[in-house]
Amino acid sequence: MTRKDARELIMQLLYQMELLNDYEEETKNSYIAKHFAGSNHEKYAVRLLETILANKEKIDETINAASNKWKTSRMSKVDVSILRLAAGEVLYMDDIPDAVAINEAVSMAKKFSAEESGSFINGILGNIVKGKDA
């Protein structure tokens, strides 16, 4: 498993959680056990998920502030999941370069979402990075 694969699996769990409104610890633990057991990225996955879930409100506020005229409540659930993952890395994981988080998010958007989602996500994450660095 690559780090890219790990990100995609985490995004899919975030999407599932959002779709079902199920953010329970048991859901996360079961998913990690099923998809990451024995993987060299299990610690990364747990750390990222715990970071995102612990800071979900702040991450959503940051996304909403960085997106002109769009709020997470109006965005596609796939886009929100990708944005939460990348924003979690940008805002809370100093060992992940911002450019890597953004590039991986854009790549996921092109793979899992609408055609225009890549540039939409790139713009929002760019604004988050600018705000973080200011």
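For this structure, a couple of remarks:
- Between segment 61-89 and segment 31-45, the alpha-carbon center distance in angstrom: 25 Å
- Between residue 40 and residue 110, the FRET efficiency estimated from the beta carbon spacing at R0 = 22 angstrom works out to 0.30.
- Label-point separation in nm, residue 93 to residue 70, each point 7 Å along Cα→Cβ: 2.2 nm
- Relative to the longest principal axis of the Cα atoms of the chain, the long axis of helix 117-133 lies at roughly 80 degrees.
- Eligible lysines near residue 111 by straight Cα distance, threshold 16 Å, same-chain separation 8 or greater: 4, 77
- Each Lys and Arg contributes +1 and each Asp and Glu -1, all at the Cβ; summed about the Cα centre of the chain, the dipole is approximately 260 debye.
- For the chain, a Gaussian network of Cα nodes joined below 10 Å ranks 122, 68, 55 by mean-square fluctuation, and the top entry is 68.
Every read-out reported here was derived from the displayed coordinates using simple, explicitly stated rules and does not represent laboratory data. Computed from a predicted structure; not experimentally measured. Note that we place each Cβ from the backbone using ideal geometry, even for glycine, and neighbour counts take in every protein chain shown.
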